[in-house]
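For reference, the structure discussed in these notes is given below.
Every number here is computed from the coordinates shown, using simple stated rules; none is lab data. Note that this is a predicted model, so its numbers are computed, not measured. Neighbour counts are summed over all protein chains in view; Cβ atoms, including those assigned to glycine, are modelled from backbone coordinates with ideal geometry.
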Amino acid sequence: MKKKNQLKVSRRTVMKGALAAGAVMSATSIPSQLFAGQYDIPEPLKPLPTTGGNMRWIDSGDMKGVFWKKIFPEYAASRGITIEYDGLPWKEINKIVPLAVRNGTVHDVFQIPLNMDPGVAVAEGWVQPWDDYIENIDEWLAGFPSGVYLPGVNQFDGKTYGVCLTANKRTGTCLLYSSKYMSEAGYDPQAGRMTYSEIRDAAKKITTNGKGQYYGWIIGGNQVNRWEDVVHTFGQVAGAHSGRGGFTNRHISFKTGKFVIASDQYMEAVELLLQLKSDGSAFPGVMSMNAPQARALMPQGAAGMIFQGPWCIGTWAKDAPNWEYGIASEPVPDGKKAEPLYIAEGGSNTLWLSKDSKMGPFAGDLVRFMGTEQGQIYWAQTVGAADPAISPAAVAKAGLTGPSAQALKMFNENLLVGPNPIVRNKDVGIVAAKSRMPDPSLALVIQGLYTGQLKGVEAQLKDCNQRYEDALDKAVDEARADGANVTRDDWVFPNWDTSSNYGAAKYAEL
């Protein structure tokens with residue numbers, strides 16, 4: 001008799017699961033009795049417009065969407081407005097937001113596309129500062145941890161353009177796995193970091209055990225950023241010390257100031273992905289699904305492993321409360337010791353206010369509340385480790401347990417603050433505004449290698465690395481032509497100790 005948790009794999013199954021996942025993303029909620037009516041929303045600090053209106057808000061969804069869908073109705077009712085919320089995968093945001101900006105139909109509050117430097121959004125007039133809408137903004141900003149709000153990161157020309165309510169101390173490429181499948185394959189990721197060869201072997205064994213009913217590994221392959229995220233993070237763990245964030249940070253070694261895309265560490269990470277495919281361990285049809293859809297197939301028994309982030313925790317707890325899974329750190333190449341991962345100062349999930357928005361007073365009132373300790377506690381209790389609250393005090397008071405607590409502990413152990421050129425020299429922000437992502441990007445190159453449209457890992461990554469170098473050189477030259485005092489030397493931090501946080505004292509030494 002077929003076991004209930006087995007999944008017969010076919011093209012129809014793939015698409016059915018993908019469509020079901022899309023439905024989950026559009027209708028995600030926590031049972032209303034858990035949170036409805038429990039938010040103590042304070043009165044505004046100053047009178048708000050009495051004409052009402054509809055505020056439109058778009059972000060990358062997941063557990064953020066769970067929270068917003070609960071608090072938005074209560075907040076809207078308390079202020080006499082309506083709120084229209086869209087939580088969409090990054091692939092959709094990357095397409096929809098630029099088009100909506102050009103058409104004049106962009107949401108009031110939105111996230112900018114992945115890999116778009118904030119300086120570009122400001123320079124091109126997409127956004128307006130929050131200063132006029134967040135009451136006592138200087139006092140409000142002072143309540144955030146040091147290093148969250150910085151010139152060139154989310155502040156420009158002395159104004160705050162980007163609001164950060166969540167911390168960036170997390171990774172989006174954790175090893176998440178079926179406890180049952182992994183145990184049957186003879187592995188326990190909780191015993192220590194798995195190596196590349198162990199990941200490959202475990203995926204083979206899970207696939208063999210599945211007998212066509214389930215596979216070793218899955219990825220949302222048509223969401224192109226997932227390929228780059230995995231290779232970037234795995235490369236860092238393997239020792240390709242590089243930055244995180246936009247084009248002027250990501251994939252750059254701050255030891256040399258050069259891109260590390262052609263490094264041995266990146267090549268090994270790409271090869272691992274290609275081996276999972278060539279071994280027959282990859283779930284069929286990964287190129288037809290995005291990241292949320294791939295994630296939703298895990299509790300259905302479709303695959304044993306996925307490299308994604310802690311946002312899976314809350315969604316799985318809601319949608320598959322009895323499914324047993326584990327979360328562990330990213331794997332490391334054979335014979336290597338895991339190196340720290342680096343985050344830039346600042347926050348994550350930065351929220352921007354449309355230049356043409358008329359709902360600024362309401363948006364500012366809401367984000368001001370969400371930046372208070374009480375707002376942060378509400379956030380942490382709902383979202384957990386998926387998008388950690390930016391206030392450490394609020395996280396401590398939220399009483400998180402289980403996988404969320406485990407994930408936060410893991411991130412605290414694995415992540416350090418690295419150098420940030422824009423903190424060193426604000427004119428790097430001018431370079432960011434001049435920067436344009438090379439085409440094809442690293443994400444597209446990796447995806448193309450996986451699908452077979454491109455051949456030769458080493459040659460492709462070397463070509464890609466050179467494109468990135470040329471693009472940064474061009475942006476620096478254009479910035480200098482406009483009067484910026486900046487050179488490629490601003491990306492070199494000779495005093496960077498990769499085993500410790502890089503802070504104010506280190507910048508002062510330069």
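What the table below lists for this structure:
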| read-out | value |
| --- | --- |
| Charge dipole magnitude, Cβ of K and R +1, D and E -1 - the range 57-211, Cα centre, debye nearest 20 | 1000 debye |
| C-alpha center-to-center spacing [the range 196-238, the range 68-89] in angstrom | 37 Å |
| Per-selection Rg to Rh, the range 408-510 - Cα, Kirkwood hydrodynamic radius | 1.06 |
| Per-selection Kirkwood Rh - the chain (Cα, Å, 1 d.p.) | 23.6 Å |
| Rg/Rh ratio calculated on Cα atoms of the range 336-468 (Kirkwood radius) | 1.06 |
| Label-point gap, in nm, between Ser197 and Asp138 - each point 7 angstrom along Cα→Cβ | 6.1 nm |
| Relative packing of 434-443, 378-387, which averages over residues the other C-beta atoms within 10 Å, highest first | 378-387, 434-443 |
| Signed unit charges on C-beta, dipole axis of the chain, positive-most listed residue Asn290, Thr208, Met410 | Thr208 |
| Top positive-direction residue, dipole computed over the chain with Cβ charges, set Ala121, Ala508, Val457 | Val457 |
| Charge context of Gly257, other residues only, Cβ under 9 angstrom, K/R +1, D/E -1 | +1 |
| Per-selection metrics, the range 83-135 (Cα): Rg and Dmax in Å | 11.7, 34 |
| Net lengthening on full extension, Thr498/Glu92 (0.36 nm per residue, minus Cα-Cα) | 142.6 nm |
| Residue among Ala398, Ala363, Ala380 farthest towards the positive dipole end of the range 343-415, charges placed on Cβ | Ala363 |
| Packing-based ranking, highest mean first, of 299-308, 60-69 given that Cβ atoms within 10 Å are counted | 299-308, 60-69 |
| Label-to-label distance, nm, for residues given as Asp477 and Ala77 (7 Å Cα→Cβ offset) | 6.1 nm |
| Pairwise Cα inverse-distance average, inverted: Kirkwood Rh of the range 201-360 (Å) | 17.6 Å |
| Once the Cα gyration tensor of the range 107-192 is diagonalised, semi-axes √(5λ) in Å | 39, 16, 11 |
| Relative compactness, the range 65-155, computed as alpha-carbon Rg over 2.2 N^0.38 Å | 1.24 |
| Assigned charges on the beta-carbon of Lys, Arg, Asp, Glu; the range 235-303 dipole about Cα centre (debye) | 340 debye |
| Fraction of antiparallel bridges per DSSP, the chain only, in percent to nearest 5 | 55 percent |
| Computed magnitude of the charge dipole of the chain (debye, nearest 20; Cβ of K, R +1, Cβ of D, E -1) | 1880 debye |
| Cα principal axis extents for the range 301-358, largest first, Å | 53, 35, 16 |
